[in-house]
Amino acid sequence: MKYNTQRKKLIISEYGRNVQGMIDYALILEDKAERTKIANNIIDIMVLLNPQIREQDNFKHKLWDHLFQMSNFKLDVDSPFPVPDIEVLRTRPKRMKYPTQVIRYRHYGKNIEKMIAQAIEMPKSDSQKVFVESIGNFMKLSYKNWNKSIINDADVFNDLRKLSGGKLEIAEDTVLDAVYQTRENPNRRFQNNRNKNQRTNTNTNPNPNQKRRPR
């Protein structure tokens, strides 16, 4: 009995040894038409083994590329797609450049700093005030998600002042959670009051002279 570790290494293991054996068999056929017929059958089998590949764009092109790759680019058939360049496949991708920007408060993130810079450029108006308060609420939410704890509004105001270089201020009597709820749904307060009134009316006997039935 031979273990897979003692056998020839698979080029693309997701298709298994049976598909690799079919490709090796197609390589020894002398008739090109027969090789092409076998290659198309192998492509159909590869689709059956990986049905989710149908969801990808140009999945047939990808399968033919895999077929040529598993044959070490030696399979000579009439393919609907050109044979991929072996040098292109072996070329390593370029090293990604990771951001090297320094984030002053990592729990707030870089987007907060961009929002603050944008708020500073805005003219003094009610729109800027609303935007700054939204930034403060987002800072509080980011801190909670990062540290899994609550931060006081006063600390958020102080951090905002530091990040903006003293150019942005939020009134000390502002409650950030209340600002968020009001901005998220302006009709929430009205809806809550209406629901409260409905519950009150439901619990109140509409006719004071009529006696309630005992339960």
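The values are calculated or read from the model by the stated rules, or taken from the named source; none is laboratory data. What you are looking at is a predicted structure, and each value in this text was computed from that prediction instead of being measured. Ideal geometry is used to build each Cβ from the backbone, glycine not excepted, and the neighbour counts take in all protein chains shown. Please note that ligands, DNA and RNA were not included when accessible areas were found on the heavy atoms of the full protein model with its side chains. Shrake-Rupley method; radii C 1.70, N 1.55, O 1.52, S 1.80 Å.
Selection of segment 84-125 for residues being open to solvent by less than 100 Å² (accessible area, probe 1.4 Å), hydroxyl-bearing (Ser, Thr, Tyr) and over 19 Å from Leu160 (Cα atoms) yields only Thr91. Scanning segment 5-40 for residues that are part of a helix (DSSP H, G or I) and within 37 Å of the chain's Cα centre (by Cα) yields Ser13, Glu14, Tyr15, Gly16, Arg17, Asn18, Val19, Gln20, Asn40.
Exactly one residue out of Lys32, Lys37, Lys60 is in contact with a Pro (Cβ under 8 Å, 6 or more places away or on another chain), on the phi < 0 side of the Ramachandran plot and at pLDDT 90 or above: that is Lys60. Could you say whether any residue in segment 37-52 is of a type in the set (A, V, I, L, M), loosely packed, with under 13 Cβ neighbours inside 10 Å and over 13 Å from Tyr15 (Cα atoms)? Checked against the condition, which is being of a type in the set (A, V, I, L, M), loosely packed, with under 13 Cβ neighbours inside 10 Å and over 13 Å from Tyr15 (Cα atoms), segment 37-52 yields no hits at all. Looking at segment 65-168, the helices (runs of 4 or more DSSP H) lying wholly inside it that each contain 3 or more residues that are of a type in the set (Lys, Arg) sit at 126-147. The residue of segment 146-177 that is most open to solvent (accessible area, probe 1.4 Å), among those that are under 31 Å from the mean Cα position of the chain (by Cα) and among the hydroxyl-bearing types (Ser, Thr, Tyr), is Ser149.
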